[in-house]
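A.B. asks: Structure in structure tokens, see below.
Values in this text are rule-based calculations from the coordinates and carry no lab data. Quantities reported herein were computed from a predicted structural model and do not represent experimental measurements. Cβ sites come from the backbone with ideal geometry, for glycine too, and all protein chains shown count toward neighbours.
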Ligand code: UFG
């Protein structure tokens with residue numbers, strides 16, 4: 001298929017681009033490089049350095065048969081301070097992209113949604129029919145696009161899938177996380193091990209969990225990538241599917257730090273700090289829907305293996 005990958009110079013988008021190329025697809029990456037890296041775009045893909053708001057001429061030129069849409073601002077904390085950027089890029093930009101698709105009669109899309117659309121869950125594991133009550137603008141902006149896709153499916157015959165990622169980690173095709181502003185637990189722990197940071201602050205040890213630290217569902221980027229390739233052809237015209245993507249197993253911050261110590265052989269000193277605003281105690285996915293519908297089976301469920309892949313990719317770059 002001829003596909004356009006919006007945000008293909010970012011962490012997850014670049015891995016999926018590599019997987020699409022390996023699967024024989026023809027890929028154009030659309031990315032303004034505001035947070036992505038040109039050198040992360042896999043060889044064989046064409047890069048158009050353009051933002052979502054200006055995407056129409058690129059789509060008119062490429063005439064894609066499908067779009068995978070990863071391009072977004074994704075820092076939860078910043079989304080609370082500068083919500084206008086999140087509405088402008090994540091919602092306004094997505095609307096511009098959908099309109100650019102409609103103009104060239106391309107109506108198949110896979111969208112990167114998030115567990116942050118659910119907010120504080122009533123029950124864990126979280127199913128797709130759980131209430132969506134985002135606690136930050138980032139999650140609200142992603143939920144708005146999910147609603148946009150439902151209406152575009154109904155009114156304009158789009159075939160759409162929203163994939164709600166839980167905590168994506170690990171690396172594939174040598175491509176790992178490389179954020180200028182790093183907020184995620186696993187890369188921060190590995191930066192301490194690499195001597196790039198002094199220590200790691202554990203945000204709260206008084207949560208109602210067995211060791212008092214927050215529990216998250218870490219899903220390997222390669223498993224996530226597999227899900228995109230399965231999702232791409234799945235919906236019929238007029239259908240919008242929503243799938244959670246997680247391993248279904250939760251690990252605490254403490255367990256992640258221990259896994260990072262085991263992988264790196266570094267003591268990784270930690271200090272216990274205050275809770276981070278908006279962090280739910282536990283986020284674990286029920287991913288039965290995509291397993292049943294599409295036969296998705298995560299292969300990398302071992303936390304140490306996920307952390308090791310992230311460590312190896314980070315070291316290969318150093
Ligand atoms: N944490 C620390 N210290 C750190 C960094 C993180 O203790 O230095 C803790 C957090 O408090 C949290 C856990 O580690 O309990 C995981 O935090 P991350 O920042 O790695 O990930 P989040 O669970 O906050 O966020 C992820 C995605 C978001 C998405 C969210 C959905 O990165 O994009 O899941 O719930 F919105």
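A.B. asks: How much length would be gained if the chain were fully extended between residue 82 and residue 318, taking 0.36 nm per residue of separation minus their Cα-Cα distance, in nm to one decimal? Intermediate results must be reported in sequence, preceding the final value.
C.D. replies: On the way: separation 236, 0.36 × 236 = 84.96 nm, distance 3.28 nm.
Additional length available on full extension: 81.7 nm.
A.B. asks: Additional query: Rank the residues 1, 101, 148 as a footprinting-exposure proxy: fewest other Cβ atoms within 10 Å of their Cβ go first.
C.D. replies: 1, 148, 101
A.B. asks: While we're here: Suppose we keep just the DSSP beta bridges with both residues in the stretch 142-244; what percent of those would be antiparallel, to 5? Don't skip to the answer; put the middle values down first.
C.D. replies: On the way: 1 of 9 bridges.
Antiparallel bridges: around 10 percent, rounded to the nearest 5.
A.B. asks: Let me ask something else. Provide Rg and Dmax in Å for the stretch 10-101, with only Cα atoms included in the calculation.
C.D. replies: Taking only Cα atoms of the stretch 10-101, I get Rg and Dmax of 13.4, 42 Å.
A.B. asks: Once the Cβ-Cβ distance between residue 181 and residue 61 is put in as r, and R0 is 35 Å, what FRET efficiency do you end up with, to the nearest 0.05?
C.D. replies: Efficiency, rounded to the nearest 0.05: 0.60.
A.B. asks: If R₀ is 22 angstrom, what is the calculated FRET efficiency for the pair residue 297 and residue 262, using the beta carbon separation as r and rounding to 0.05?
C.D. replies: With R0 = 22 Å, the Cβ-Cβ based efficiency is 0.30.
A.B. asks: Enter the angle in degrees (range 0 to 90, nearest 10) between the Cα long axis of helix 11-22 and the first principal axis of the Cα atoms of the chain, meaning the one along which they spread out most.
C.D. replies: Result, in degrees: 60.
A.B. asks: In the chain, what % of DSSP beta bridges are antiparallel (nearest 5)? Can you show the working numbers first?
C.D. replies: Details: 3 of 42 bridges.
So the antiparallel bridges amount to about 5 percent of the total.
A.B. asks: Could you list the residues of the stretch 160-182 with an amide nitrogen less than 20 Å from a label point located 7 Å from the Cα of residue 102 in the Cα-to-C-beta direction?
C.D. replies: Zone members listed by number: 160-162.
A.B. asks: If you don't mind, another one. When a footprinting reagent is the concern and you count Cβ atoms within 10 Å, what order do 163, 229 take, fewest first?
C.D. replies: Going from least to most buried by this count: 229, 163.
A.B. asks: With a point put 7 Å past each Cα toward its Cβ, work out how far residue 127 is from residue 2 in nm, to one decimal.
C.D. replies: Modelled inter-label distance: 4.2 nm.
A.B. asks: What are the radius of gyration and Dmax of the stretch 156-204, computed over its Cα atoms and given in Å?
C.D. replies: 15.8, 53
A.B. asks: Related question: Could you list 142, 73, 299 so that the one with the fewest beta carbons within 10 Å of its beta carbon is first and the one with the most is last?
C.D. replies: The most exposed by this proxy come first: 299, 73, 142.
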